[in-house]
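Q: One structure, pasted below without further comment.
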């Protein structure tokens, strides 16, 4: 059995850790409220934008446009959105698994990292084409435009031939869904994001698509906005999911610390009682010996 001094030292260490986890939970809770509000405001537009443009681009598969053709050479680009900090349970690892254990695991990928944790986890196996980790701290639309411009430039130059987006979707405070979306090019067999709030029937896919002004000019305007909106929307949802995951992780850590403190308190009391009993036994034995 450990000595009372060792038990007391360990109990003090766990109590200090518990104070930290409590503080981190409170901070995450406050941040979550603001991030949740932003995510809920942008969620409808984010999902509707994906479905609407996805539906439009599916009908333009016969058009000869620079953003709709998959090159014969080049890597598949994946925008990976994670956090810059840990202590968020499986939040970061679940996004990384979408790449390392999903349908793209054996592909030649170029990673456009938004978040240091994803960059660190994937840099050992994949090429990090660009690091935008600072963007995830306070997501703004201008940063999403910058990332979109770089991706589309690489797409035009043939450095990449497909664009994917890996992030954690925010459903509610306790439910977060790791999601992998294909952004470009759109294939007729690609599935549309679920729970997007807009429904399209089979008849919709057969409707003739007319463009005003010309197709080339319309798609030149539409596709960059489409990519930018999805990147920005996914960053907003990812921040909310990160704070929700960290709040849950810190709550669990605090509860576990409380349980460990209770066990150590019991151990300390037992050790103390044993020490007192031993001292009494020695005193009585000494008194009997004298008499």
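The values are calculated or read from the model by the stated rules, or taken from the named source; none is laboratory data. Nothing here was measured: the structure is a model prediction, and the numbers come from that model. In this analysis, Cβ positions are derived from the backbone assuming ideal geometry, glycine residues included, and neighbour counts consider all displayed protein chains.
Q: From the list 192, 223, which one is modelled with pLDDT under 85 and within 30 Å of residue 94 (Cα to Cα)? Before you say what the answer is, go through the steps one by one.
A: On the way: 223 fails: modelled with pLDDT under 85.
Step by step, each of 192, 223 is checked, and only 192 is modelled with pLDDT under 85 and within 30 Å of residue 94 (Cα to Cα).
Q: Going by what's in this entry, would residue 20 be described as over 30 Å from residue 153 (Cα atoms) and part of a helix (DSSP H, G or I)?
A: So residue 20 fits the description; yes.
Q: Out of everything in the range 151-182 that is part of a helix (DSSP H, G or I) and touching a helix residue (DSSP H, G or I) at 6+ places or on another chain (Cβ under 9 Å), what residue ends up being surrounded by the fewest Cβ atoms within 10 Å (Cβ to Cβ)?
A: Checking each candidate, the answer is 152.
Q: I'd like the full set of residues that are buried (at least 22 other Cβ atoms within 10 Å of the Cβ) and outside any helix (DSSP H, G or I), limited to the range 111-150.
A: The answer is 111, 112, 113, 114, 115, 139.
Q: Taking the range 121-139, which residues are closer than 17 Å to residue 228 by Cβ and in contact (Cβ under 8 Å) with a residue 40 or more places away in the chain?
A: Listed by number, the residues that qualify are 135, 136, 139.
Q: Here is a further query. Quick check on residue 86: is it surrounded by fewer than 19 Cβ atoms within 10 Å (Cβ to Cβ), within 13 Å of the chain's Cα centre (by Cα) and within 27 Å of residue 252 (Cα to Cα)?
A: The answer is yes for residue 86.
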